[in-house]
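Here the structure comes first, spelled out in structure tokens, and everything after it is commentary.
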């Protein structure tokens, strides 16, 4: 068992556990990067509510309240209803919101990377930004697994690039404007105990909280995008940038489209 002396954003909330001795070095390196404890043996006395561990070839985030559950990982497989061919047809609300002439996209709030991966499978050139160190570890693990898939290797595709940092700081540094900047910020839940809140989002809220600077992020994105900013919002939320040029509605959510020209 090793403990990190320096504190991090996740100190006291998150630890790394090594369930396979063959992964010990990787576990220790992960704990060092996040400045959190690494445990080889987990017992009821540890304080952390969440742990990161490798299970079945993927890095998982496990809620210790439900230790027998597999845990949450970046899912690199298409979601139900999405095409498995490459490039997947550019159909559905997300594709319509991104626009027919869009080629390059920056996902400035990558989260669990499900929309980034969908955009990648549709053939878009996707660059991801994530400021949460723990989410970056989970995303990079997912992108590494993606790069090993047969169809990705056979087509000689490269996984989306992942940049570390706050998009508010990084976006102005891009010399070439992307066609589209995609935002999926965390909004406050409609109710304190929302039955509609998915477990992955609840875990993120527990670890990270809401994106209180989403308005500033939107304003930065509008100055940076070449053609449009697309904001994914729950259906109950007010538009982040005032009245959009267009809105495309999905189930329990909508995509607000803001044209930059």
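The values are calculated or read from the model by the stated rules, or taken from the named source; none is laboratory data. Model, not experiment: these values are computed from the prediction. Cβ: placed from backbone, ideal geometry, glycine included. Neighbour counts: every protein chain shown.
Applying the selection to region 150-192, what residues are more than 16 Å from the chain's Cα centre (by Cα), at pLDDT below 95 and under 20 Å from residue 254 (Cα atoms)?
Hits for region 150-192 are 188, 189, 190, 191.
Report yes if residue 135 is in contact with a helix residue (DSSP H, G or I) (Cβ under 9 Å, 6 or more places away or on another chain), in a helix (DSSP H, G or I), assigned by TED's automatic domain parsing to the domain that holds residue 246 and over 20 Å from residue 166 (Cα atoms), otherwise no.
When the stated conditions are applied, residue 135 does not pass them.
What pairs can you find where one residue is in region 17-30 and in the same structural domain as residue 48 (by TED's automatic domain parsing) and in contact (Cβ under 8 Å) with a residue 12 or more places away in the chain, the other is surrounded by fewer than 16 Cβ atoms within 10 Å (Cβ to Cβ) and in a strand (DSSP E or B), and their Cβ atoms are less than 9 Å apart, with a gap of 6+ or different chains?
From region 17-30, the pairs are 19/55; 20/55; 28/2.
Restricting the search to region 138-169, which residues are farther than 23 Å from residue 29 by Cβ, part of a helix (DSSP H, G or I) and touching a strand residue (DSSP E or B) at 6+ places or on another chain (Cβ under 9 Å)?
167
Which condition from (1) surrounded by fewer than 18 Cβ atoms within 10 Å (Cβ to Cβ); (2) modelled with pLDDT of 95 or more; (3) out of contact with any strand residue (DSSP E or B) (no Cβ under 6 Å at 6 or more places or on another chain) is the one that residue 209 breaks?
That leaves (2) as the condition not met.
Answer yes or no: is there a residue in region 81-99 that is buried (at least 16 other Cβ atoms within 10 Å of the Cβ), under 16 Å from the mean Cα position of the chain (by Cα) and part of a loop (DSSP other than H, G, I, E, B).
No - not one qualifying residue is present in region 81-99.
Which one of these is more than 10 Å from the chain's Cα centre (by Cα) and buried (at least 21 other Cβ atoms within 10 Å of the Cβ): 76, 129, 139?
76
What's the number of the only condition in (1) free of Cβ contacts under 8 Å to residues at least 24 places away in the same chain; (2) assigned by TED's automatic domain parsing to the domain that holds residue 181 that residue 81 fails to meet?
The number of the failed condition is (2).
Any chance you could count how many residues in region 242-258 are assigned to a loop (DSSP other than H, G, I, E, B) and surrounded by fewer than 17 Cβ atoms within 10 Å (Cβ to Cβ)?
Of the residues in region 242-258, 5 are assigned to a loop (DSSP other than H, G, I, E, B) and surrounded by fewer than 17 Cβ atoms within 10 Å (Cβ to Cβ).
Taking region 1-48 only, how many residues are more than 21 Å from residue 65 (Cα to Cα), modelled with pLDDT under 80 and surrounded by 15 or more Cβ atoms within 10 Å (Cβ to Cβ)?
Count: 2.
If you check 231, 203, which single one turns out to be surrounded by 15 or more Cβ atoms within 10 Å (Cβ to Cβ), at pLDDT below 95 and not assigned by TED's automatic domain parsing to the domain that holds residue 34?
Exactly one of 231, 203 is surrounded by 15 or more Cβ atoms within 10 Å (Cβ to Cβ), at pLDDT below 95 and not assigned by TED's automatic domain parsing to the domain that holds residue 34, namely 203.
Going by what's in this entry, would residue 109 be described as assigned by TED's automatic domain parsing to the domain that holds residue 145, within 30 Å of residue 17 (Cα to Cα), surrounded by 14 or more Cβ atoms within 10 Å (Cβ to Cβ) and out of contact with any helix residue (DSSP H, G or I) (no Cβ under 6 Å at 6 or more places or on another chain)?
Considered against the rule, which asks whether it is assigned by TED's automatic domain parsing to the domain that holds residue 145, within 30 Å of residue 17 (Cα to Cα), surrounded by 14 or more Cβ atoms within 10 Å (Cβ to Cβ) and out of contact with any helix residue (DSSP H, G or I) (no Cβ under 6 Å at 6 or more places or on another chain), residue 109 comes out as yes.
Taking residue 164, is it crowded, with 22+ Cβ neighbours inside 10 Å and assigned by TED's automatic domain parsing to the domain that holds residue 255?
Judged against the criteria, residue 164 is not a match.
Could you check region 49-68 and list, in sequence order, the residues that are modelled with pLDDT under 85 and either surrounded by 20 or more Cβ atoms within 10 Å (Cβ to Cβ) or over 24 Å from residue 11 (Cβ atoms) (or both)?
Passing the criteria: only 68.
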